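The values are calculated or read from the model by the stated rules, or taken from the named source; none is laboratory data. The structure displayed is predicted, hence computed values, not measured ones. FYI the Cβ positions are ideal-geometry reconstructions off the backbone, even for glycines, and counts take in every protein chain you see.
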Amino acid sequence: MRTIGLVGGMSWHSTMTYYRLLNEAVARELGGHSSARIVLQSLDFAEIRECQVSGDWQRAERLLTAAALACQNGGADVVAICTNLMHKVAPGVESSLNVPLLHIADAVAAEADRRGWTRLGILGAGWTMREDFYATRLARHGKVAVVPGVDDCDLVDRVIFDELTKGVIREESRQAYLRVIERLAAAGAQAVVLACTEIGLLIEPGASPLPMIDSAEVHANELGRLAVAVTT
């Protein structure tokens, strides 16, 4: 079995989801008492959030790179960053590693391929929705990112950082997100990507007016497949 390196703690709430889903994926495949071999580096999200707010992406890249290298040095055969937004610095992290980095947007695009979707609504942190690092990665796979309007972007971002990353779940925020998804559907999205790994804690399967791709779920499941894949 391959060892999976997780760079988590951004926030720890979604990192728990990764740990559970990755182990569930391995248990499904191998059965019995099988569980995943995991090396976890859990960062202090307060430090990362300070970098985000101040725009110090160079420091953020250094912190994530150090964590990814610690995973590699701890025996990881593949590394994953357990957050969508911090894939903004993924190219720098990846260039420092001697093992593969599984990009979260690649896992999202693979799931969209399986479902036959090309136009994907994006819900995530403001940077993820407004900047091109995420949309460009999806475009490599022939996917078009459909982004909410300015006011909706502000709302989605506020709920993430004021509530979800602190473990706060509010019904009014759930309803507000569902209305944003309705507007993404009206704009031509065929499905909505929960492009923040905490949003799956807010919106349950079946509640959305559009089919959902939970980025944390598909990323973790792809890591599970890699963990048990037969090498040649």
Name every residue in segment 162-173 that is more than 19 Å from the chain's Cα centre (by Cα) and among the charged types (D, E, K, R), in order of residue number. Arg170, Glu171, Glu172
Going by what's in this entry, would Leu138 be described as in a helix (DSSP H, G or I), in contact (Cβ under 8 Å) with a residue 24 or more places away in the chain and surrounded by 17 or more Cβ atoms within 10 Å (Cβ to Cβ)? yes
Residue count, segment 1-49 (criterion: among the aliphatic types (A, V, I, L, M) and within 21 Å of Val93 (Cα to Cα)): 10
Within segment 112-136, how many residues turn out to be within 13 Å of the chain's Cα centre (by Cα) and within 23 Å of Leu226 (Cα to Cα)? 1
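Just give me the residues in segment 205-232 being within 21 Å of Asp157 (Cβ to Cβ) and not β-branched (Val, Ile, Thr), in sequence order. Quick ask: steps written out before the conclusion?
Pass one, segment 205-232, residues within 21 Å of Asp157 (Cβ to Cβ): 207-210, 212-216, 219.
Passing the criteria: Ala207, Ser208, Pro209, Leu210, Met212, Asp214, Ser215, Ala216, His219.
Can you go through Gly206, Gly188 and tell me which one is out of contact with any helix residue (DSSP H, G or I) (no Cβ under 9 Å at 6 or more places or on another chain) and either of a type in the set (S, T, N, Q) or modelled with pLDDT under 95 (or both)? Talk me through it step by step, then tell me what you get.
Details: Gly188 fails: either of a type in the set (S, T, N, Q) or modelled with pLDDT under 95 (or both).
Step by step, each of Gly206, Gly188 is checked, and only Gly206 is out of contact with any helix residue (DSSP H, G or I) (no Cβ under 9 Å at 6 or more places or on another chain) and either of a type in the set (S, T, N, Q) or modelled with pLDDT under 95 (or both).
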Scan segment 141-159 for residues that are charged (D, E, K, R) and either surrounded by 13 or more Cβ atoms within 10 Å (Cβ to Cβ) or over 12 Å from Arg183 (Cβ atoms) (or both) and jot them down. Lys143, Asp152, Asp154, Asp157, Arg158
Which residue is surrounded by the most Cβ atoms within 10 Å (Cβ to Cβ), if the candidates are limited to segment 97-135 and must be closer than 22 Å to Arg179 by Cβ and touching an Asp or Glu at 6+ places or on another chain (Cβ under 6 Å)? Ala125
